[in-house]
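Below: the structure, in structure tokens.
Values in this text are rule-based calculations from the coordinates and carry no lab data. The structure displayed is predicted, hence computed values, not measured ones. Neighbour counts are summed over all protein chains in view; Cβ atoms, including those assigned to glycine, are modelled from backbone coordinates with ideal geometry.
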Amino acid sequence: MKKRMIYSVVIALLIAGTRSLCSSGDAGQPGAFLRYGVGARAMGMGRAFVAIADDASAVYWNPSCMLEAERAELSSMYSNLYYDSRYAYIGLILPRLLESAENPWLRWFFGPDVSWGVGWTGLSMVGFEQRTRYNEYLGQFDMGENAWMLSWAKERVGQFGILRAGITYKIINQQFTGLNNHVMTVDGAGPDWSNGLDIGLTFRPIHAPVFRVVSLKYLLPLQLGMSIQNLVQPGWDKVEGASHHFPRVYRYGFSYRFILQDWIPEAWNFRYKLGNMAVLFAFDREHYSGADAGTYFGMEGQIPITALNVWLLPRFGVNNQTEGRSLGFGFSMPFSSAAFKLDYVHTSHPVLEGDTRFCLSVQFRHPQNAGHFQKRAHDASLSKEMLRYDHLVLSKYPNEYLENAVNDIAATADRPYEKRLYALVGGMRHAELLLEDANLLLRKRDIVGARRKALESSRAYAPNFLQTENYLTGDQMIDYGEALIISGKMRDAVTVLEEIEEPTIRANYLLGTGYQGLSDSRAIEAFNSAVNQVKPDQNDLVALSYLGWAESLVKDKQYQPAMMALSSLLNYNAIELGEDYPRFPIFEDHYIQDDAMFLMGITQIMAKNYQDGVSTLYKTLRYYPVLTYGETSNQLIDELTIALERKDFDRLDTLANDMLLSYYSRHDPSNRFFE
Amino acid sequence: MKNRAIFIGLLFVAVHVFGFSHQNDAKLAWQTPAHIEAVLIELMLEVDPELPVPVLDHEKPFTRGLNNTVTWMDSMDAVYEQLLDMQMTIQFWAVEARIAGIDTVWGFVDGPERSAAFLNLPEGIGIEYRLRYYAIEASGTMHISDWSRAEISVQDASRPEILTFDILQLQNIGDNPWVLGPQIEVHVQAMDTDGQIMQIAIQEIGDEVDRVLFDDLDAHPRTVIDTTLQYTLLTDPNMPLTIKGWVVDVAEFYSDTLEMQFFYMASDPKVVCFPNPFVPYQDHCTVIKIENEEAQEAKIYDPFGNLIRILHKNSLSDMAFKWDGTNEQGHQVASGGYFCIINDDRDLYCKIAVIR
């Protein structure tokens, strides 16, 4: 609820912010017809499009975005502006035209990381009344402005992400036709030609510094974009000789696709019904030479209607330009070899009836979607190619090929980001890495951190375990169990570990620990199984299993077997635990012999062998004066000795009980590991 | 000389006895002819009521100049017929001009004469003219008729003055004044201190048109005129034309002529802009003409609806806005198409092309 309120406030502020920035009235600069914006989708999103533009309007908005499009697209837009003015656009983009070209030149100019686009936009105003300065009516004339654009964009996939750069060369023309030049000579009314250059950049910061702190899942839907329109400035010739240059327009912004599933808690079941439903947000800022800034904000709902194989795309935009707000709607129907899109938008106007426009687009060629890139990745022989395509698969998040891509990248060139990558797709490797992290934290005695990691790890394991057919191998199930034990979920751990058909010593030790945490006497059996699987390279586990076994036996008041177990442990040659011993329980040092001897002493007292018990505790003090239980014994030995001398066995029993409780409190997995 | 003195003495007696209403300072308007003077010596100074009363021709209320010639031509036929029946002939006429409150001048003219001229009359004063005659029987007996009914006229020797000759709603915005037409309203103010203005003349000079129209002020000449006249222009719309105006007083004096150059445009469409296309390098502004003066605000937009400029009128009565081709920040707008909307009314618009 709180989060939702925050989002609402942020959006409200954003909208309020854009409205408060009033236009300061510097309209009327040359080239306005190249700044208003083509495409119904862009207008529907309040013209916040510099970081989206993944359609045929990219030629106009940001040529680098052509490479974001999945298919070649031919798009046409028509808008009846005000008073018989017409504004139209036709664009064609051909991304990754010759994917298989082998000639290096062809590959460089038309290859799989290149896109071409052409576009035409035209403004025509008809029905001007030609009048002399005496208002003598001479007939009607028209005015037209046209721009022909040619775009080229190239993509580079690097360590930090996917960078795309594009360039648009444009030839521009303005002319007044139908003027009566016999009666009224109008200087400068002839056709005026000019040309200019735009550039655009987009960047998907997959592993970029700063952005790296955000997990890939939340980072991949982000795209940054910028464009400089009229980098080479076109201009209209002035009657007096000079040229009236188009202003240089700087635009930058970002788009973010909120995939609803990713932002809804897993506990909410309807989350899974949302499918790929998403909301695309975009925010742009605009500056142009000698003029004020524009602020643009837009959103698009992307609602798949799976049954009909169509997408419904409601849109809303707000900006600080004349139109202020816009409402649009799109409809997309994809097929395997083509797709049709129809977009509509209506923008308001404070005085006029507003602008209504339609845009009809046809997409063709097979979609260059994630699957396409995945396929290419496996066809390509070079690891560099693979990396590129795998990154492209990532950038199409979410898709069903992510896991393969992540595996590819993590296994080859992108090891530094292995964890980020696996975190994206979840699954075994992700779970393993998290478990490694958890264990690492345990070694550092960061119990809280370890528990959190272990919990994440167990969540990564869980979906596979919960499948009807358990996909986990025995080792993976053991890992899963370990993760659950670290995270404190003993019951789940036991459930998992019990399912292992051929339990290893580790499985049995973990199972014993689990039962111990649940105060279940089946721990005895589990630890017993563990110690019976003695293997030379698993001394730590054996030793710990003996200790666990003994603890379980003592708890079950089976003092004699417990003493046997402890005796075996004390005679075992690997009393010092290795660096990688399982940290549950965590020992303050790497020695468990003092623990075993201390427990032996207690057990002996509990078994009414008071003399032996006190003697063993005295030995603990003598042998391990600096270890934990050596010190503990030191504190109690005088009292125990006095009680023994006085044959005060009740007192000895009481003291032994207290010591046992104290021992349990430190060793019980359920309350000891994560103090 | 002695006879002459007697004649004058008799005449004075006659004036007083027979009702000559000449005042004491009455004087002769002109020299009495010698043969009349000779007759007068034997004159019987008695008005004969049997004689028909003469009639002066009608005098115009104002007489041009300081002189006035009174006539008795058209109105005397009946008198002549009667005298013929009575076997009398008119020997001579006595004509007088009574200058109210100032003077009376008079004189005799010979019988066959049908007019008498008074010279150097005072200006701006109503003057009453009267006439009587001396008729003689065959026996030689002289009779004198009663005075005719007075005709009044004022001498007017000065020109009227035209003070104002304006075209209402003339827009002086832009390089050339213009007005909606072809029906225009002309405001005229004029005065004639010593006379009365009789006519207003409007002359239109345009391409292939040269016409003068007179307005007779409904036949009620006035000393001061402040009136508005309807005038329909003959020149084609949007063509330069000149309108001249002057006034004529009843004495047919013409005032000076005032004139102005302008053009008119037809009332439809409601909003027009000229020159169009507008080349700021050549014309310092383009004029957006509107149909009535109620509109207070014009907004210039680019074809995408972006507001370029808000224009206000210089004065409330203007029927046009002026745009110099700049935006709100004072920067020159680019070559291209724009449109102008009046008072946020979508139906009141015009398209403007700017060429730089």
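Annotations for the structure displayed:
- Dimensionless Rg over Rh [region B:223-317; C-alpha; Kirkwood]: 1.11
- A Cβ-based charge dipole, computed about the Cα centre of region B:272-354 with Lys and Arg at +1 and Asp and Glu at -1, lands at about 240 debye.
- Rounded to 10°, Cα long-axis angle of helix A:2-20 versus longest principal axis of chain A: 20 degrees
- Mean Cα-pair separation over length for chain A, i.e. relative contact order, pairs under 8 Å, 6 or more apart, %: 9 percent
- Where GluC sites (Glu not before Pro) fall in DSSP loop in region A:559-664, at most 13 other Cβ within 10 Å: A:E579, A:E588
- Integer Hz, Karplus 6.51/-1.76/1.60 couplings in order for region A:653-659, x for Gly and Pro: 4, 4, 4, 5, 4, 4, 5
- Alpha-carbon centroids, region A:517-585 and region B:50-109: separation in whole Å: 165 Å
- The value of relative contact order for region A:515-577, using C-alpha pairs under 8 Å at least six residues apart, is 31 percent.
- The chymotrypsin sites (Phe, Trp or Tyr not before Pro) of region A:185-271 that DSSP puts in a loop, and whose beta carbon has at most 15 other beta carbons within 10 Å, are A:W268.
- For region A:156-200, convex hull of alpha carbons as volume per residue, Å³: 66 Å³
- Projected-area average for region A:134-182 over all orientations - Cα convex hull basis, square nanometres: 5.9 nm²
- Counts of other chain beta carbons within 10 angstrom of each beta carbon in peptide A:122-131 average 5.
- Dimensionless Rg over Rh [region A:508-675; C-alpha; Kirkwood]: 0.96
- Ranking A:T603, A:L455, A:F340 by Cα position along the charge dipole of chain A, where only Lys, Arg, Asp and Glu carry charges on their C-beta atoms, puts A:F340 farthest toward the positive end.
- Debye log10 I(q)/I(0) for chain A, one point scatterer per Cα, at q = 0.05, 0.06, 0.11 Å⁻¹: -0.41, -0.53, -1.06
- Nearest-ten-degree value, helix A:383-395 long axis tilted from longest Cα axis of chain A: 80 degrees
- Sequence-ordered 3J(HN,Hα) estimates for region A:148-165 from the Karplus curve with 6.51, -1.76 and 1.60 and θ = phi - 60° stand at 10, 10, 10, 10, 9, 9, 10, 10, 9, 9, x, 5, 8, x, 10, 10, 10, 10 Hz, glycine and proline given as x.
- Think of it as helices only: each DSSP H run of n ≥ 4 in the protein assembly as shown is worth -39500 (n - 2.57), and spread over all residues that comes to -9000 deg cm²/dmol at 222 nm.
- Neighbouring partner chain Cβ atoms per residue of A:75-85, average, 10 Å criterion: 3
- Computed over region B:272-354, relative contact order equals 34 percent, with contacts defined as Cα pairs under 8 Å that lie 6+ residues apart.
- Averaged over the residues of peptide B:343-353, the number of Cβ atoms from other protein chains lying within 10 Å of each residue's Cβ is 4.
- Inter-centroid distance (Cα atoms) of region A:147-170 relative to region A:107-121, Å: 9 Å
- Under the convention that each Lys and Arg Cβ holds +1 and each Asp and Glu Cβ holds -1, the size of the dipole of region B:161-266 around its Cα centre is about 220 debye.
- Helix A:474-486 and the long axis of chain A differ in direction by around 80°, with both axes built from C-alpha atoms.
- Distant-in-sequence amide contacts of A:Y288, defined by a placed amide H-H separation under 5 Å and a gap of 5 or more residues or a different chain, comprise A:Y250.
- Taking 30 Å as the straight-line reach from the Cα of B:K270, the lysines in range (excluding those fewer than 8 positions away in the same chain) are B:K244, B:K289, B:K299, B:K313, B:K322, B:K351.
- Projecting the Cα atoms of A:Q374, A:F649, A:Q223 onto the dipole axis of chain A, where Lys and Arg carry +1 and Asp and Glu carry -1 at the beta carbon, places A:Q223 farthest toward the positive end.
- Dimensions of region A:455-558 from C-alpha coordinates, computed as largest minus smallest value along each principal axis and given longest first, are 40, 29, 21 Å.
- Its Kirkwood hydrodynamic radius, worked out from the mean inverse distance over all distinct Cα pairs, puts region A:357-512 at 17.5 Å.
- Anchor A:K238: aspartates and glutamates whose Cα lies under 14 Å away (excluding residues fewer than 8 positions away in-chain): A:D187, A:D192
- Each residue, A:R443 and B:T141, gets one label point 7 Å from its Cα in the Cβ direction; the gap between the two is 17.4 nm.
- In this entry, region B:272-354 is assigned a mean projected area of 4.9 nm², taken as a quarter of its C-alpha convex hull surface.
- Placing +1 on the Cβ of every Lys and Arg and -1 on the Cβ of every Asp and Glu, with nothing else charged, gives region A:508-675 a dipole about its Cα centre of roughly 440 debye.
- Overall Cα dimensions of region A:102-199, principal axis frame, Å, largest first: 69, 28, 19
- Over region B:161-266, equivalent-ellipsoid semi-axes from the Cα gyration tensor in Å: 26, 13, 11
- Whole-angstrom Cα spans of region A:258-322 along principal axes, big to small: 53, 28, 15
- Rg/Rg_ref, region A:227-277, where Rg_ref = 2.2 N^0.38 Å and atoms are Cα: 2.46
- The Rg/Rh ratio for chain B, using Cα coordinates for both the radius of gyration and the Kirkwood hydrodynamic radius, is 1.33.
- In terms of the mean number of neighbouring beta-carbon atoms within 10 Å, the peptides B:251-260, B:135-144 order highest first as B:251-260, B:135-144.
- Modelled label positions at B:H58 and B:S317, each set 7 Å beyond Cα in the direction of Cβ, lie 4.0 nm from each other.
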